[in-house]
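Worksheet for the structure shown next.
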Amino acid sequence: MNRPDQDALQQARRQHWELIDSIEGIVWEADAATLRFTFVSQWAEQLLGYPVRR
């Protein structure tokens, strides 16, 4: 991958995380095969009252 492509990918990732961090709700991702969460946004802690890692 050349440098402009890498820069564009990094910019897209930053925008993705900024969007997730700006949503006042719980954004999550899970593995469909195991039903285990692979990602839970930090808003979960504020809204549910316990640490995301739980």
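The values are calculated or read from the model by the stated rules, or taken from the named source; none is laboratory data. Please read these numbers as outputs of a predicted model, since none were measured by experiment. Neighbour counts run over all protein chains shown; Cβ positions are idealised from the backbone, glycine included.
Consider the range 30-50. How many of its residues are surrounded by 10 or more Cβ atoms within 10 Å (Cβ to Cβ) and not hydroxyl-bearing (S, T, Y)?
Count: 11.
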For the range 1-23, pairs from a residue that is without any contact (Cβ under 8 Å) to a residue 60 or more places away in the chain to a residue that is exposed (fewer than 10 other Cβ atoms within 10 Å of the Cβ) and outside any helix (DSSP H, G or I), with Cβ under 9 Å and 6 or more apart or across chains, are L9/M1
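Rundown of residues vs (1) in a helix (DSSP H, G or I); (2) of a type in the set (D, E); (3) modelled with pLDDT of 90 or more, yes/no style:
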{"site": "A8", "(1), (2), (3)": "yes, no, yes"}
{"site": "Q11", "(1), (2), (3)": "yes, no, yes"}
{"site": "Q15", "(1), (2), (3)": "yes, no, yes"}
{"site": "E18", "(1), (2), (3)": "yes, yes, yes"}
{"site": "I26", "(1), (2), (3)": "no, no, yes"}
{"site": "E29", "(1), (2), (3)": "no, yes, yes"}
{"site": "T34", "(1), (2), (3)": "no, no, yes"}
{"site": "E45", "(1), (2), (3)": "yes, yes, yes"}
{"site": "V52", "(1), (2), (3)": "no, no, no"}
